[in-house]
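The values are calculated or read from the model by the stated rules, or taken from the named source; none is laboratory data. Source: prediction; values computed, not measured. A quick note on method: Cβ atoms are made from the backbone with ideal geometry, for glycine too, and the neighbour counts reach across all protein chains shown.
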Amino acid sequence: MSRRKFIKRGFFGLIGVGVLGGLYSWQVEPFWLEFVKVKMPVKNLPKHLDGKLLMQISDIHVGDRFDYQYIIDSFQQAQKFEPDFVVYTGDYITYENDSQFSQLKEVLPFAVQGKLGTAGILGNHDYGVGYAQQEVADHVSSLLEDHGIKVLKNEQWLFNGLNIIGLDDYWALNFDPLKVMSEHDPAKPTIVLCHNPDVCDLDVWNDYQGWILSGHTHGGQCKPPFLPAPVIPVKNKRYTCGKIDLYDGRMLYINRALGNLWQIRFNVRPEITLFELKRYS
């Protein structure tokens, strides 16, 4: 083979790989859901909750940027696990106009419910344009409550022996973690829902020691192999995805998101997390 033919074939081969990679990132991985299993030891967990299943769903982003039938299909898959608790950690819509409310109403009848409790918090996109539209957040909250999801806004709720604290979104209008963390009782078996993991670095935790479940980052959505994700919407670039020990008694878990802000993913599959609750003193 001549040098010219070799270069020509190599050039068209690279184009072919690029086209296939683009199609994969656009049409395959954004809809290739992974169920990730994690053990969750919780202090003071009562015996009757040992071994129970807590499911985390985050960042479904219902809107016009991808076919949200995928979210409905994913919910139907998730229901087969029959979780005991389900928590939603924000960004139910990608708000562009009020049509997102009717779209969310199509999806929520399929939302996964926990047998012992279902809770959620709001994310920045649930506050509309500029994350500053209270009326959008109120409408989203009302729809969630109508479909059995208890929305926690800087407050806590006891669900059949498991205490869940929910913080409102860091970037939006009503972020006030001290309102609830000042009342935290370390004797209660507690987990915290916090959409944006950057909150972990603020002095608001009142010596809380336990799990914090977050979303927001989507794991970067696109990540080169063996390299960090180039774009992550957090100040602390350590907060990408997965389990992160904060080395002070807190354990952070960042869900990679079920939905897509934009319909493109590479090396960062969408995720629903399955936590097995375990007792430990």
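Below are the figures for this structure:
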{"quantity": "Qualifying residue in the stretch 213-235 (condition: among the polar types (S, T, N, Q) and surrounded by fewer than 19 Cβ atoms within 10 Å (Cβ to Cβ))", "calculated": "no"}
{"quantity": "Of all residues making up the stretch 99-153, the number that are touching a helix residue (DSSP H, G or I) at 6+ places or on another chain (Cβ under 7 Å) and of a type in the set (D, E, K, R)", "calculated": "2"}
{"quantity": "Looking only at the stretch 107-119, and only at residues there that are touching a Gly at 6+ places or on another chain (Cβ under 7 Å) and not aliphatic (A, V, I, L, M), the one that is surrounded by the most Cβ atoms within 10 Å (Cβ to Cβ)", "calculated": "T118"}
{"quantity": "Pick from the stretch 124-153, criterion polar (S, T, N, Q) and over 18 Å from the mean Cα position of the chain (by Cα), ranking: farthest from D169 (Cα to Cα)", "calculated": "S142"}
{"quantity": "Looking only at the stretch 204-239, and only at residues there that are of a type in the set (F, W, Y) and assigned to a loop (DSSP other than H, G, I, E, B), the one that is farthest from N154 (Cα to Cα)", "calculated": "F226"}
{"quantity": "Filter pass, L274 being outside any loop (DSSP other than H, G, I, E, B), closer than 29 Å to E82 by Cα and modelled with pLDDT of 95 or more", "calculated": "yes"}
{"quantity": "Single residue of L167, L173, L193 found to be modelled with pLDDT of 95 or more, farther than 23 Å from K237 by Cα and not charged (D, E, K, R)", "calculated": "L173"}
{"quantity": "Condition check for W262: out of contact with any helix residue (DSSP H, G or I) (no Cβ under 6 Å at 6 or more places or on another chain) and modelled with pLDDT of 95 or more", "calculated": "no"}
{"quantity": "Residues satisfying the stated conditions in the stretch 153-191, i.e. buried (at least 22 other Cβ atoms within 10 Å of the Cβ), farther than 21 Å from S142 by Cα and out of contact with any Ser or Thr (no Cβ under 9 Å at 6 or more places or on another chain)", "calculated": "T190, I191"}
{"quantity": "Subset of the stretch 85-97 [out of contact with any helix residue (DSSP H, G or I) (no Cβ under 8 Å at 6 or more places or on another chain) and either in contact (Cβ under 8 Å) with a residue 40 or more places away in the chain or crowded, with 24+ Cβ neighbours inside 10 Å (or both)]", "calculated": "F85, V86, V87, T89"}
{"quantity": "Test for I72: is it more than 18 Å from V268 (Cβ to Cβ), surrounded by fewer than 20 Cβ atoms within 10 Å (Cβ to Cβ), of a type in the set (V, I, T) and without any contact (Cβ under 8 Å) to a residue 60 or more places away in the chain", "calculated": "yes"}
